[in-house]
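Take a look at the structure set out below.
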2 protein chains.
Amino acid sequence: MSEIVDFSDISKAMERLAGKVKRTPIMESSLLNRWMGHRILFKAECLQTIGAFKIRGALNFLCRLEEEGKLPKHIVANSSGNHAQAVAYAAAQFGIPATIYTTESVSPIKAAATEGYGATIKRFATRPEADAAVAVAAQAEDTVWIPPFNHQDIIAGQGTAALEALEDAEQVDAIFAPCGGGGLLSGTLIAAREKAPEALVIGAEPANANDASQSLQAGEIVALSSTPNTLADGAATPAVGELTFPIIQQLDDFYEVDEVQIAYWTQWLQHLLKLHIEPTCAMTMAAVASWAINTPPGQTALVMISGGNISQLSMQAIWEHDYLLQPPIITTEE
Amino acid sequence: MSEIVDFSDISKAMERLAGKVKRTPIMESSLLNRWMGHRILFKAECLQTIGAFKIRGALNFLCRLEEEGKLPKHIVANSSGNHAQAVAYAAAQFGIPATIYTTESVSPIKAAATEGYGATIKRFATRPEADAAVAVAAQAEDTVWIPPFNHQDIIAGQGTAALEALEDAEQVDAIFAPCGGGGLLSGTLIAAREKAPEALVIGAEPANANDASQSLQAGEIVALSSTPNTLADGAATPAVGELTFPIIQQLDDFYEVDEVQIAYWTQWLQHLLKLHIEPTCAMTMAAVASWAINTPPGQTALVMISGGNISQLSMQAIWEHDYLLQPPIITTEE
């Protein structure tokens, strides 16, 4: 298997995952569509098993190992949250014990769910320390490390969410996804280039965790030196990967979003879609709004809603100020 | 037409509303099912048009007037929120101007949506004052008052939500709905007695707005003397109606729920179902948990999720404390 991920890997992942993950619905808000002057479709992966798209990559990874007769006796992984739950859940499906390496700042609700699926959690002060510890643990006999994003099975698995959405939506002019390590964004881009080659593919990350943006400007991978402080905890990854970076370099546009905008859009998307949506994906709507205002009206955008696992502290921070008093109105009706 | 609502009225409403309202999905959480020892199904009316079941009654009312050639030139209504949006939206469908009489404590987000649908809002200090003002306004020529709950068309319309759910669910042993004025609860009971005659039908209201509970104990309608202070703003109605009360008297059980329990279950249902659920309906889960602990395991409950229109102040209050640290575990697995 080549290290380059292409559309055939996503097709193969679709077959492997059939019946194992949910085909999540596409949702929209007529009011938001009117305000934006465009139709905005949301692929609701918050309604996915484990509450996030991450189960797609982790299950695809283990299904491929099973096909090759290479299932291990122990699984290890490192994650800021949703990947931890995904690996814990996927490992449990195969009856394999799992240990998750994470930071002390991990969302308590994501940690509780991970332990609820039967995995053991090890906490470290910083993400680089957790990443170093998992690399050592992965050397043990009969142990396999499931990386959070920088692997062809993970990228291909995450790409199935966009592939489903592009099969279900009639016509899409622009596709938006958040960027943490770049797994979802890379899979989305590869699926989009095949199924909707005319569509723009656009990424977004927190301004407080702008490693991908720095990397795109530098033309090489730049890593954050400290744990970023952002509501969008799913996008707090310190750096993109060697596999995801060249794919992310093919994006049509990329946005950095500040914390006020992240809270603003989380409030509005929760309110308009009636979904419990993570800041990590609501953030992407700031990019959609910028695109919407600069695009002739009447187009269709697809937004990848990555998950809905939110701690009480995050909910408190999201709802501290009242942004519902300022509706996101871009166009006025004739 | 008799003033007594029966199942044929709900059937007729189903026909009238076909294609005009959404057939909302039934959702469940495998984790919650495991914790409760029962299967808990949620009829997700937060995903309904206007974000609440109330559109069913208001549209049924106007469709019936249209059938009789009696559509008015002006519509008035009184409401603590969701009925206001429902009347505003339904009136707009028929191109009829609407005025809504409400209190100054109305949820700003519900008021904004009501105005967004084109209605005019008049605010009063207390609910009885708003109710008195709408009664005067309703006397004007060519004007029709759409009552919030105490009317056969409203009760029958709201009953279609339970009818849909009972058609979609295989087997239901107990059905739970919140009680404000009793429209949803009455419609649910009538639908349930026909489609699932063996099922228990159970209501719940805030302890801080316990007029229905007082009325059931007194055997006559008791009204609250002041505007109640509760997170469950959709159940803050001062009294049930002459039409809904005799139906509510047929309930199998009824619960009063305190404010901590209301916040607790709103957090947990938002987290587990990934839906933006109002405290008014999350409240009902406290009754489900009491039923669950006193019922031999393995049964199926249906919970009517009434809506998802929540102000920033309510969200702030709901998420002030961390209840996600205390999972609602009733049964431990063998």
Review point. Just to be sure, is A:Lys43 out of contact with any helix residue (DSSP H, G or I) (no Cβ under 6 Å at 6 or more places or on another chain) and either among the basic types (Lys, Arg) or in a loop (DSSP other than H, G, I, E, B) (or both)?
Key: no
Review point. Which one of A:Lys20, A:Lys54 is surrounded by 21 or more Cβ atoms within 10 Å (Cβ to Cβ) and of a type in the set (D, E, K, R)?
Key: A:Lys54
Study note, to complete from the structure: Checking B:Glu3, B:Glu15 in turn, the sole residue that is more than 14 Å from every other protein chain (Cβ to nearest Cβ), farther than 30 Å from B:Trp265 by Cβ and either assigned to a helix (DSSP H, G or I) or free of Cβ contacts under 8 Å to residues at least 24 places away in the same chain (or both) turns out to be B:Glu15
Exercise for review: Test A:Ile221 against the stated conditions and say whether it is at negative phi, at pLDDT 95 or above and part of a helix (DSSP H, G or I).
Suggested key: no
Check your understanding: Name the residues in the stretch B:18-37 that are under 30 Å from B:Trp291 (Cα atoms) and free of Cβ contacts under 8 Å to residues at least 12 places away in the same chain, would you?
Key -> B:Ser30, B:Asn33
Check your understanding: When the stretch A:91-103 is examined, which residues are found to be closer than 24 Å to A:Gly69 by Cα and either surrounded by fewer than 17 Cβ atoms within 10 Å (Cβ to Cβ) or in contact (Cβ under 8 Å) with a residue 60 or more places away in the chain (or both)?
Key -> A:Ala92, A:Gln93, A:Phe94, A:Gly95, A:Pro97
**Study point:** Pairs where the first residue, in the stretch A:207-221, is under 16 Å from A:Ile262 (Cβ atoms) and the second is among the hydroxyl-bearing types (Ser, Thr, Tyr), C-beta under 8 Å, 6+ apart
**Key:** A:Asn208/A:Thr230; A:Ala209/A:Thr230; A:Ala209/A:Thr237
Review point. With respect to the numbered conditions (1) surrounded by fewer than 22 Cβ atoms within 10 Å (Cβ to Cβ); (2) at pLDDT below 95, which one is the sole condition not fulfilled by B:Gly81?
Key: (1)
Check your understanding: Across the stretch B:247-271, what is the number of residues that are crowded, with 20+ Cβ neighbours inside 10 Å, touching a residue at least 60 places away in the same chain (Cβ under 8 Å) and polar (S, T, N, Q)?
Key -> 0
Review point. Which ones in the stretch A:49-106 are touching a Pro at 6+ places or on another chain (Cβ under 6 Å), under 17 Å from A:His151 (Cα atoms) and not small (Gly, Ala, Ser)?
Key: A:His83
Review point. Mind checking whether some residue in the stretch B:59-66 is out of contact with any helix residue (DSSP H, G or I) (no Cβ under 8 Å at 6 or more places or on another chain), modelled with pLDDT of 95 or more and among the hydrophobic types (A, V, I, L, M, F, W, C)?
Key: yes
Study note, to complete from the structure: Expected single match for closer than 21 Å to A:Lys54 by Cα and not aliphatic (A, V, I, L, M) among A:Gly234, A:Gly219 is A:Gly234
Check your understanding: Of all the helices (runs of 4 or more DSSP H) wholly in the stretch B:265-334, which have at least 2 residues that are at the interface with chain A (Cβ under 8 Å from one of its Cβ atoms)?
Key -> B:312-318
**Study point:** Search result, residues across the stretch A:141-184 that are among the small types (Gly, Ala, Ser) and assigned to a strand (DSSP E or B)
**Key:** A:Ala174, A:Ala177
Exercise for review: Please determine, by comparing only the residues of the stretch B:290-315 that are small (Gly, Ala, Ser) and crowded, with 20+ Cβ neighbours inside 10 Å, which one is farthest from the chain's Cα centre (by Cα).
Suggested key: B:Ala292
Study note, to complete from the structure: Conditions (1) outside any loop (DSSP other than H, G, I, E, B); (2) of a type in the set (D, E, K, R); (3) touching a residue at least 40 places away in the same chain (Cβ under 8 Å) -> B:Glu242 fails only (1)
Exercise for review: Please list, ordered by first then second residue, the pairs with beta carbon atoms under 6 Å, 6 or more apart or interchain, first in the stretch A:104-124 and assigned to a helix (DSSP H, G or I), second at pLDDT below 85.
Suggested key: A:Lys110/A:Gly81
Revision key, fill the gap. The one condition A:Ala165 fails out of (1) touching a Pro at 6+ places or on another chain (Cβ under 6 Å); (2) surrounded by 24 or more Cβ atoms within 10 Å (Cβ to Cβ) is (1)
Practice item. Considering every residue within the stretch B:27-37, establish whether at least one is among the acidic types (Asp, Glu), within 22 Å of B:Gly181 (Cβ to Cβ) and over 15 Å from the mean Cα position of the chain (by Cα). Key: no
Exercise for review: Quick one: in the stretch A:30-48, of everything that is closer than 20 Å to A:Glu167 by Cα and within 12 Å of another protein chain (Cβ to nearest Cβ), which residue is surrounded by the fewest Cβ atoms within 10 Å (Cβ to Cβ)?
Suggested key: A:Leu47
Practice item. Filter the stretch A:1-35 for residues that are of a type in the set (A, V, I, L, M), closer than 30 Å to B:Gln85 by Cβ and out of contact with any Asp or Glu (no Cβ under 7 Å at 6 or more places or on another chain) and give the result. Key: A:Met27, A:Leu31, A:Leu32
Exercise for review: Could you please find all residues in the stretch A:53-88 being farther than 11 Å from A:Val21 by Cβ and within 14 Å of another protein chain (Cβ to nearest Cβ)?
Suggested key: A:Gly81, A:Asn82, A:Gln85, A:Ala88
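The values are calculated or read from the model by the stated rules, or taken from the named source; none is laboratory data. The model shown is predicted, which means the values in this text are computed figures rather than measured ones. In this analysis, Cβ positions are derived from the backbone assuming ideal geometry, glycine residues included, and neighbour counts consider all displayed protein chains.
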